[in-house]
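Each remark here refers to the structure printed beneath this line.
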Amino acid sequence: MRPMRSFGGRGGGFGFPSIQSMAAKLTLGLVAGSVLFLATKSGGGPLLLLVPDAVQRFFLWQPLTYAFIEADALGIIFGALIIYSIGGFLESTWGAKRLLLIAVGGTALAGVLTVLVDLVTPVAPAFTGGTVMASILWVTYGLVIGRGQANFWGIPLSGNMLALIGAGFVLLRTLQVGWAAQLPDLFGLVIAFGYVRGGSPRRLWLHLQHWRLQRQLRNRSRNLRVVSSNRSDDQYLN
């Protein structure tokens, strides 16, 4: 039986990571980026956001920088707490590189997909990505625990249910403001699910290699010819 993980409350859990950990660095990045944005929002701060029209004009850093921006105090505080605590668990389970890949890579990919959708139909003019990263980590954390027990603000529940709660917050917000304003968050949910359920880059690469090998073997088998044992020719004999 898996031990109970604690999220948002007391009880047995994964504890907090050290300040030298990747989770702590991501948290610091969110706080520092958000403060920088708020301090410069009347100047160059908006260049840190994800603005689909600007990205299409080759402001290519925005799918990365928006991941560390939140525009309100609650978003910064709760985002930092989620990234630090949940990120610490995922880092202890997966390592720093995989945490960085799903946290920053997943958020950036959600931003890129949002820009691609904007080429077809208009979406919101600008996005912050701190909650996108936090939602990705929340759902990923729940799916990693799976049927194991977690503790959500003192309420015992399964990891899958915890992931569903995280996704529920995003969906409720979507009903409130519309899908066009929540598109990176929605993409983030899909990315988190796909990554945990077998869509990691390494696994996809292995599947591609397997498919290529099977194709090569089939192509070679078409060129093989069966030599009859009744042939009198000795051209095949050494």
By the C-alpha gyration tensor axes a ≥ b ≥ c (rounded if a/c is under 1.5, else prolate when a/b exceeds b/c, else oblate), the shape of region 77-133 is oblate
Residue-span extension gain [Leu81 to Trp153] - 0.36 nm each, minus C-alpha spacing: 24.6 nm
Using a 10 Å cut-off on Cβ atoms, rank the peptides 44-57, 81-94 from the highest mean neighbour count down. 81-94, 44-57
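Coordinate-derived values only; no laboratory data. Owing to the predicted nature of the structure, the values given are computational and were not obtained by experimental measurement. Backbone-built Cβ (ideal geometry, glycine too); neighbour counts: all protein chains shown.
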